[in-house]
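> Okay, handing you the structure first.
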Amino acid sequence: MDATRSYPDAAAISALLLAWYDRHRRVLPWRALPGETADPYRVWLSEVMLQQTTVAAVRPRFAAWVARWPDFASLAAAEEAEVMAAWAGLGYYARARNLVAAAKAVVADHGGVFPQDEAVLRTLPGLGAYTAAAVAAIAFGRRAVVVDANVERVVARLFAIRQPLPQARVAIRAAADTITPDARAGDFAQAMMDLGSAICTPKKPSCLLCPLAAECRARHEGSPDALPVKAAKKAKPQRHGTIFWLERDGAVLLVTRPGKGLLGGMRALPTGPWSDAPPGLADAPVTADWQMRNATVAHGFTHFDIELALAVAGGQAHQAAEGEWWPIAELDRAGLPTLFAKAAAAIMRKDG
DNA sequence: AATACGTGGCC
DNA sequence: TGGCCAAGTAT
């Protein structure tokens, strides 16, 4: 390249990237086709579903969701338990609670019309800095600095920002601001994310296919795959617990977990305390002839791993238990988080 | 600022 | 196969 020219060059980047996007943009169910107007509800819903969640996982869930709750009004009127069950398996369940709360706020506080202003969007539950900016840009064409993990990676490489994350976020955001155009802000944001997803990947980026290669400082300096630098991960603690499977007349006892915290608001199998050592039969939901199974269920959360023992009882009369008796044949429809779906599957396999 | 908060796919 | 990673938010 011309050594006398400075790079990365903001105007060149947005023009090159938008031209690339016009040729290579992904077709996604929530994304407007060229010339179409985006549906703000669908944009918002997709952005929330996509928080820390892959396109492949979201795709079928998005279709089912919009078939059931096609707009803010229907979602605002939905039964919370049904919403939580519909979210089961997607993780980060506060997102589902916040979807309902935000839909109610749109109806109650904004006349049923989704606000277009980034700062107002930011006040809705579940819309943080990223999502408010993404919705403002993608749904409403507002200029907004949209920074997700893809943009962080692309920008860290374009500008060769070597400070480690998360401290680099300030510099990355400032750099992203300099390359965000006034026009086609939504396309620019989606283009950055498509580029990060398909070309400027975390490992083995395809620089030979990258429309921004000539503008990329990390590329010129030799090792774009080394950026962004990330802080070392902490070790995950190992915890232990017991899941209690109580059967009666072809039904199993389910509880609803407290509204906040881990798996908050979700249907679940009863568990005892989760601790550093196997707790055995402590805190069983009722007094019964509990039998410990040999197998255990292992599950990894973001910040700890857990191994759960399985205790089974049934077949005799016992005291009233708190919860719902759920037909085992319909357990698929209970909306159990993956951890409990795994445990139920293990128990019903009989090897559990 | 640091931590809590899920899950599935990929290599 | 186990670590890494994903269109983050709330507190």
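> Within region A:253-352, what whole-number % of the accessible surface is contributed by carbon and sulfur, with the 1.4 Å probe and all protein chains included in the calculation? Walk me through the numbers on the way to the answer.
Working: 2690 of 5200 Å².
Carbon and sulfur: 52 percent of the exposed surface of region A:253-352.
> Here is a further query. Report the Stokes-Einstein translational diffusion coefficient (µm² s⁻¹, integer) for chain A, Rh taken as the Kirkwood radius over Cα pairs, at 37 °C with viscosity 0.692 mPa s. Walk me through the intermediate numbers first.
On the way: Rh = 23.0 Å.
For these conditions, the coefficient is 143 µm²/s.
> Leaving out ligands, DNA and RNA, and with a 1.4 Å probe, what % of the accessible surface on region A:10-226 is carbon or sulfur? List each step's numbers first, then the result.
On the way: 5390 of 9650 Å².
Ligands and nucleic acids excluded, carbon and sulfur give 56 percent.
> Share of Cα-Cα pairs in region A:125-206 beyond 18 Å, in percent? Could you put the intermediate results ahead of the total?
Numbers: 1311 of 3321 pairs.
In whole percent, the long-distance tail amounts to 39.
> Oh, and also: Could you compute the net charge surrounding A:Phe340? Neighbours are other residues with a C-beta less than 14 Å from the C-beta of A:Phe340; K and R count +1, D and E count -1.
Net charge around A:Phe340: +2.
> For chain A, report the accessible area per residue in Å² (1.4 Å probe, heavy atoms, rounded to an integer). The partial results should precede the final answer.
Numbers: 17160 Å² over 352 residues.
Dividing the accessible area of chain A by its residue count gives 49 Å².
> So which trypsin sites (Lys or Arg not before Pro) in region A:1-105 end up in coil per DSSP with only 14 or fewer other C-beta atoms within 10 Å? Don't jump to the answer; show the numbers that get you there.
Working: sites: A:Arg5, A:Arg23, A:Arg25, A:Arg26, A:Arg31, A:Arg42, A:Arg61, A:Arg68, A:Arg95, A:Arg97, A:Lys104; in loops: A:Arg5, A:Arg25, A:Arg26, A:Arg31.
Those that pass, being in a loop and sparsely packed, are A:Arg5, A:Arg26.
> Just in region A:265-352: which trypsin sites (Lys or Arg not before Pro) are loop by DSSP and have at most 13 other Cβ atoms within 10 Å? Intermediate values should be presented prior to the final figure.
Values: sites: A:Arg267, A:Arg293, A:Arg333, A:Lys342, A:Arg349, A:Lys350; in loops: A:Arg349, A:Lys350.
Listed in order of number, the matching sites are A:Arg349, A:Lys350.
> Taking only DSSP H segments of four or more residues, each worth -39500 (n - 2.57), what value at 222 nm results for chain A once the sum is divided by all its residues, to the nearest 500 deg cm²/dmol?
Values: 13 runs with 135 residues, N = 352.
One gets -11500 deg cm²/dmol as the mean residue ellipticity at 222 nm.
> Right, next: Antiparallel versus total DSSP beta bridges in chain A: what percent is that, nearest 5? Kindly include the intermediate steps, with their values, before the conclusion.
On the way: 17 of 28 bridges.
The antiparallel fraction comes to roughly 60 percent.
> Hey, another quick one. Just going by the charge dipole of chain A, with Lys and Arg at +1 and Asp and Glu at -1 on Cβ, which of A:Leu253, A:Met49, A:Gln291 is farthest out on the positive end?
Farthest along the dipole direction, towards plus: A:Met49.
> Next question. Calculate the length of the line joining the C-alpha centroid of region A:94-167 to that of region A:7-29, in whole Å.
21 Å
> Now a separate question. Hey, what did chain A get for relative contact order, percent, Cα under 8 Å, at least 6 apart? Don't skip to the end; give the middle numbers.
Numbers: 561 pairs, mean separation 57.6, N = 352.
Rounded, it is 16 percent for chain A.
> May I pose another question? In degrees, nearest 10, range 0 to 90: what is the angle between the Cα axis of helix A:185-198 and the longest Cα principal axis of chain A?
The helix A:185-198 is inclined about 70 degrees to chain A.
> Something else about it: If the limit is 25 Å between Cα atoms, which of A:Lys104/A:Lys342; A:Lys204/A:Lys342; A:Lys203/A:Lys233; A:Lys203/A:Lys234 go over it?
Working: A:Lys104/A:Lys342 33 Å; A:Lys204/A:Lys342 34 Å; A:Lys203/A:Lys233 18 Å; A:Lys203/A:Lys234 21 Å.
With Cα atoms farther than 25 Å apart: A:Lys104/A:Lys342; A:Lys204/A:Lys342.
> What's the Kirkwood radius of region A:236-352 in Å, using all Cα pairs? Mind showing how you got there, number by number?
Working: mean 1/r = 0.0695 Å⁻¹.
For region A:236-352, inverting the mean 1/r across all distinct Cα pairs yields 14.4 Å.
The values are calculated or read from the model by the stated rules, or taken from the named source; none is laboratory data. Just so it is clear, the model here is predicted, and its values are computed rather than measured. Cβ coordinates were reconstructed from backbone atoms using ideal geometry, including for glycine residues, and neighbour counts include every protein chain displayed. Side chains are part of the model used for accessible areas, which takes the heavy atoms of the whole protein and leaves out ligands, DNA and RNA. Shrake-Rupley method; radii C 1.70, N 1.55, O 1.52, S 1.80 Å.
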